Amino acid sequence: MPEYRLLDTDEADAPGDEFEEIDVEDTEADTIARQRDREFSEFRKRIKNTEQFKVEDSVFDDATYAALYKLVQDDHIVAFGGPISTGKEANVYTALGDEDTEVAVKVYRINASDFTDMRGYLDGDPRFRGIGSDKKKVVLAWVRKEYANLMRARKAGVLVPDPIAVERNVLVMEYLGTEEGRGKRLSEVNLENPETAYEVVREYMRRLHDAGLVHGDLSEYNLIVHGDEIYVIDLGQAVTVHHPNAEEFLDRDCENVTAFFGRQGHDVTADELKAYILDQDEDEAVAEEF
């Protein structure tokens, strides 16, 4: 029966230290795409024609191919594998990374999706002032936000995929899976000890909050069981505790998490979870709502 575990924590920066602005201007990938020398053009053609990495022009622009090309040049990617998942905003692929380690490559679409929903998580985050409505800048901000949030979460002692590299709209990170396939979502496994799993998840939520972050979309669908551990994924939308909607997002996370574990037979409430995260008595947390 898995006991799960918690990472030892480094001393996390105080909330507010995460407010350094993130650059969303053109990267080297954009320069490579504009130059389009023979080597890059050959790489682009080879990737487009690879069955495992089949994409359409309407999904990835030249600069996306250039971002992949740059990551290959920098040895973050050695060879591409197959798709792990496809979504409205991004596709995720396996790849071989440095030292023959398997990695996940998350490629956010720029041209083929509506990113209106992203604005609710970016607007109000002091790291992303002045992004405006430029679709490319919104996507680039989102990818850099996910990378920064993963770094911050790991420093706070939360098990998340190890972020390896980011280039334009492409994020390379640790692959959570085995030869049998990707790690299973919490919704896909039979929990033998839901009480212990819940204790780990609530501690993760508290550590994130102490480090100045609220996940914002936490549920059984972005909690992954990998080996005997629980990992948190999809931190692209995570906001700082200073975001105007941070408390609303935290309340939603608490409702989602306790609803799931309630269905597993563990009697917990959203108020109890929120009180634990905020290190308050439950009565105090409830009183703040009135």
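The Cα atoms of the stretch 162-290 cover 49, 38, 17 Å along the three principal axes, with the biggest extent listed first. Each residue, LEU278 and VAL72, gets one label point 7 Å from its Cα in the Cβ direction; the gap between the two is 5.1 nm. Over 24 Å apart at the Cα level, from the set LYS106/LYS145; LYS45/LYS145; LYS136/LYS184; LYS48/LYS136; LYS48/LYS184; LYS88/LYS135, are LYS45/LYS145; LYS136/LYS184; LYS48/LYS184.
Sorted on the mean count of surrounding Cβ atoms within 10 Å across their residues, most packed first, peptides 140-147, 200-207, 119-126 read 140-147, 200-207, 119-126. Stretched out straight at 0.36 nm per residue, the stretch from GLU248 to ASP162 would grow longer than its current Cα-Cα span by 28.2 nm. With K and R counted +1 and D and E -1, the other residues having a Cβ less than 10 Å from that of ASP234 yield a net charge of -1.
Normalised radius of gyration for the stretch 68-145, please: alpha carbon Rg relative to 2.2 N^0.38 Å, two decimal places. Could the numbers behind the result be given before it?
Details: Rg = 14.6 Å, N = 78, 2.2 N^0.38 = 11.5 Å.
In units of the globular-protein estimate, the stretch 68-145 measures up at 1.27.
Surface composition of the stretch 227-268: carbon plus sulfur atoms contribute 40% of the solvent-accessible area (1.4 Å probe, protein chains only, all chains present).
For the pair ASN49 and VAL189, a Förster radius of 35 Å applied to the C-beta separation gives a FRET efficiency near 0.40, rounded to the nearest 0.05. For the pair ASP228 and GLU42, the difference between a 0.36 nm per residue extended length and the Cα-Cα distance amounts to 62.7 nm.
Hey, with R₀ at 25 Å, roughly what FRET efficiency would GLU179 and ASP98 work out to, going by the Cβ-Cβ distance, to 0.05? Could the numbers behind the result be given before it?
Working: r = 20 Å, r/R0 = 0.79.
Efficiency at R0 = 25 Å is approximately 0.80.
The values are calculated or read from the model by the stated rules, or taken from the named source; none is laboratory data. These numbers come from a predicted model, not from an experiment. Virtual Cβ from ideal backbone geometry, glycine too; neighbours counted across all protein chains shown. Only protein heavy atoms, including side chains, enter the accessible area calculation; ligands, DNA and RNA are left aside. Shrake-Rupley method; radii C 1.70, N 1.55, O 1.52, S 1.80 Å.
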